[in-house]
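Notes follow the structure.
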Amino acid sequence: MDASLQCFSPYQACTSASSTLASAQRLIFPASKSFFHAIRLSIVRRSNIKSRSSVGYMEAQASFGLVETLQGQFKTEGIEVEKGRGGLPKLVLTESSGSQAEIYVFGACITSWRISSEKDLLFVRPDAVFNGQKPISGGIPHCFPQFGPGPIQQHGFARNSNWSVASCSNSSGIPSVVFELTDNEYTRAMWNYAFLALYKVTLEPKKLSTTLTIKNTDDKPFTFTTALHTYFSAMAAEVRVKGLKGCQTLDKVPNPINPVRGLEEREEVNFPGFVDCVYLDAPEELIMKNGLGDTISITNKSWSDAVLWNPHTNAPGEFYKEFVCVENAKFKPVLLEPGQEWVAEQVFQVS
């Protein structure tokens, strides 16, 4: 069965809680049937926002109207809307064989990927905060328009921005959802460019695919770096990653600002301690054994670089033993002229 729904999120910042809730209430009674095909919903535009923390509560309140509305109206097979942690809305994708993925609208962050209700292949840190302000620490957070430290905040703003749900569909039991992020006062305060980001997530049997599109909608060129900061569930001490031999490396452990250049000589890379390393011009496929019995193929198009990270004892507690990050990245800046776009794909598949 094929089904599709255009559904844009009212999960936006506002200056008045009452106006937020009033606008959310209007969602429940759409003016026409065309609501389910092409409507764009926006509670209010950001106005005079001085800080992220000052609007977090109101953003969360706005999300409740969205969740309740879509729970009653959402008819796309294999896609459900639920209240997640902290009351934040999340989409739950279920494909025909039983695999499942969960994606929070905040940050467009995939936080869970399970094969037939088995153990989760992704990891969310136990100290992760779900308050609509701080980035979600775990799953697959976005790093855009900056990967790592730099002139704006660490890893950019995409991971702690409110995305919209642009479209949802199901083709022959395979659900997909597309998230959208555009520039606003919050993003322009630190990165003064107009842009469109689209993020498509597709769930198939034993396979999770994403496509990230960045388009320059400004009248001037811009550059960016980006990454998908994937946290995999793992027994960190037993993880092996194959495919990086011969890559130029930038080891950020000694100094993240001035990494040490080197050459990877190992057939299989492991995580013996604190690891924070960029692999330049990485191959289009890596094979990871997660130490828990799973072998995961990580393939990509246009993600030219890879990153391996585990904080080891730099993180509180001992949860560092339960995950590793194997990330697709674009470490070298991408230049986009007005109207140009950049598209990158990644596929995780369990064998």
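The values are calculated or read from the model by the stated rules, or taken from the named source; none is laboratory data. Only a predicted model underlies this, so the values are computations on that prediction, with no experimental measurement involved. No Cβ is skipped: glycine too gets one built from the backbone with ideal geometry, and neighbour counts run over all protein chains shown. Areas reflect the complete protein model, heavy atoms only, side chains present, ligands, DNA and RNA absent. Shrake-Rupley method; radii C 1.70, N 1.55, O 1.52, S 1.80 Å.
Observations, loosely collected:
- Filter result (polar (S, T, N, Q), surrounded by fewer than 22 Cβ atoms within 10 Å (Cβ to Cβ) and assigned to a strand (DSSP E or B)) within region 217-254: Thr223, Thr225, Ser233, Gln248, Thr249
- Only one entry in Thr299, Thr295, Thr313 is hydroxyl-bearing (Ser, Thr, Tyr) and under 30 Å from Thr182 (Cα atoms), namely Thr299.
- Of everything in region 156-184 that is of a type in the set (A, V, I, L, M, F, W, C) and not in a strand (DSSP E or B), the residue that is nearest to Leu203 (Cα to Cα) is Trp163.
- Test: residue in region 186-195 that is assigned to a strand (DSSP E or B), polar (S, T, N, Q) and either out of contact with any Cys (no Cβ under 9 Å at 6 or more places or on another chain) or touching a residue at least 60 places away in the same chain (Cβ under 8 Å) (or both): no
- Test: residue in region 275-290 that is of a type in the set (A, V, I, L, M, F, W, C), open to solvent by 20 Å² or more (accessible area, probe 1.4 Å) and out of contact with any strand residue (DSSP E or B) (no Cβ under 7 Å at 6 or more places or on another chain): no
- Residue ID - surrounded by the most Cβ atoms within 10 Å (Cβ to Cβ), chosen from residues in region 308-338 that are among the aromatic types (Phe, Trp, Tyr) and within 19 Å of Thr111 (Cα to Cα): Phe323
- Conditions (1) outside any strand (DSSP E or B); (2) within 16 Å of Leu228 (Cβ to Cβ); (3) in contact with a Gly (Cβ under 6 Å, 6 or more places away or on another chain): number failed by Leu286: (1)
- Residue in region 206-216 that is modelled with pLDDT of 95 or more, among the hydrophobic types (A, V, I, L, M, F, W, C) and open to solvent by 20 Å² or more (accessible area, probe 1.4 Å) present: no
- Tally, over region 191-205, of residues that are more than 19 Å from the chain's Cα centre (by Cα) and either farther than 22 Å from Glu337 by Cβ or crowded, with 18+ Cβ neighbours inside 10 Å (or both): 3
- Output for region 291-301, where each listed residue is over 15 Å from Lys330 (Cβ atoms) and surrounded by fewer than 15 Cβ atoms within 10 Å (Cβ to Cβ): Leu292, Gly293, Thr295
- Considering (1) under 20 Å from Asp120 (Cβ atoms); (2) crowded, with 18+ Cβ neighbours inside 10 Å, the lone condition that Asp305 does not fulfil carries the number (1).
- Positions within region 111-140 being among the basic types (Lys, Arg) and within 14 Å of Phe319 (Cα to Cα), in sequence order: Arg125
- Residues of region 104-136 satisfying the condition of being farther than 19 Å from Thr210 by Cβ, of a type outside the set (Val, Ile, Thr), open to solvent by 20 Å² or more (accessible area, probe 1.4 Å) and out of contact with any Leu (no Cβ under 9 Å at 6 or more places or on another chain): Ser116, Ser117, Glu118, Arg125, Pro126, Asp127, Gln133, Lys134
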